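Take a look at the structure below.
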Amino acid sequence: MNLLGIDFEDWYHPELVKRNIKNEKHNPAVINGIDKILDLLRKHETFATFFVVGELLEIKPEIFDKIIENDHEIGFHTMYHDRLDSPGFKGKFSTEIKKFAELTGHKSRGFRAPTFSLNNSSSWAIDILAENNYVYDSSIVPAKTSMYGLPNAEHKPYRITSKSIEKNDSSGKIIEFPLLTTTFLGKKIPAAGGFYLRSLPTKIIKNAFKNYQNKGIPGSFYIHSWELTPEFMPKLDLPFKDKFTTYHNLGKAYSRMKELLKNFEFTSFERFLTKYNFQN
């Protein structure tokens, strides 16, 4: 059984977009694609965890109702999609968690850091999550990229503390679900979705899932809401590298995700924890 997280954010939230547009109020659009995403999951009898940027629930509260009414899980993706390691964010995190709890009736027990920004400089977040009764995190990619990654982190789920985010600490209150990785041309790389779903041959991602399955490890996978609803994603004039990473094969993400849903079993983090009574 594998884990599926939908990082539910709007067109102006991704880091490579956010750093290239004016810091002002924007009109959401991707938010209107919620029904298309729910239909895809329903057709494949799949449950997922929606890691939602909190401000979208303020703009359109019915998103929460639709997620819960369809028996999916809601998780926290910060209120405005700020990196954990961004200047001054540590002082805001507790307030944002409490605000999200108000918006969701205290239903969220899982967290994903924007741009997988949980690292050794932002590990303080684990203590705050534990203090607010969170159960798990899925923010660590055990491979190094230019934007994130902890290549020495474990691949299977493990318990973490603010002092030990790469290796199991049995005293930890938070369970870490690291993202799927694989080896390509002799190098360990992410294979967990997003840009890599759009860029890697699907066969490589399928083999990564099979490899994890053979080892008895759940593959943690993610996809952005705007990748499943590219019709709501405006084409912005970004610097070449940022534009390529954001838009490359964007029109293929839906069909590739659909193919994975046909070939592999996925569930929400909450359901996985309940079914397998995870202990480490």
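None of the figures in this text is laboratory data; all of them are computed from the coordinates on show. Please read these numbers as outputs of a predicted model, since none were measured by experiment. Heads up, the Cβs are rebuilt from the backbone with ideal geometry, glycines too, and the neighbour counts pull from every protein chain shown.
Annotations for the structure displayed:
- Long-range amide H partners of ARG159 with built H, under 5 Å: ASP169, GLU176
- Theoretical FRET efficiency, 1/(1+(r/R0)^6), r = Cβ-Cβ of ARG19 and SER94, R0 30 Å, to 0.05: 0.75
- Stretch gain in nm, segment SER146-ASN249, where the contour uses 0.36 nm per residue and the Cα spacing is subtracted: 35.1 nm
- Dipole magnitude of the range 174-280, debye to nearest 20 (Cβ charges: Lys/Arg +1, Asp/Glu -1, about Cα centre): 440 debye
- Applying 1/(1 + (r/R0)^6) with r as the Cβ-Cβ distance of LYS167 and GLU265 and R0 = 22 angstrom yields a FRET efficiency of 0.20.
- Relative contact order (%) - the chain, alpha-carbon pairs under 8 angstrom, separation at least six: 24 percent
- Summed over all non-identical Cα pairs, the Kirkwood treatment of the range 2-276 gives a radius of 18.7 Å.
- For the range 136-149, the Karplus equation 6.51 cos²θ - 1.76 cosθ + 1.60, evaluated at θ = phi - 60°, returns couplings of 8, 9, 9, 10, 9, 10, x, 7, 9, 10, 6, 10, 6, x Hz by residue, with Gly and Pro reported as x.
- Modelled spin-label separation between ASN214 and ASN133, with each label point placed 7 Å from Cα along the Cα-to-Cβ direction: 4.3 nm.
- Inter-part distance where the range 220-264 and the range 55-131 are each reduced to a Cα centre, Å: 22 Å
- Of LYS144/LYS243; LYS107/LYS156; LYS22/LYS262; LYS36/LYS215; LYS25/LYS163, pairs whose Cα-Cα distance is over 29 Å: LYS22/LYS262; LYS36/LYS215; LYS25/LYS163
- Size of charge dipole - the chain - debye, nearest 20, with Cβ of Lys, Arg +1 and Asp, Glu -1, no other charges: 1020 debye
- Label-to-label distance, nm, for residues given as ILE68 and LYS188 (7 Å Cα→Cβ offset): 3.9 nm
- Within the chain, helix-based [θ] at 222 nm, where runs of 4 or more DSSP H residues each add -39,500 (n - 2.57), nearest 500: -10000 deg cm²/dmol
- Counting neighbouring beta carbons within 10 Å and listing from fewest to most, the residues THR183, THR274 come out as THR274, THR183.
- Residue among SER199, THR245, TRP226 farthest towards the positive dipole end of the chain, charges placed on Cβ: SER199
- Full-extension gain in nm, ASP237 to THR274, via 0.36 nm per residue minus C-alpha separation: 8.9 nm
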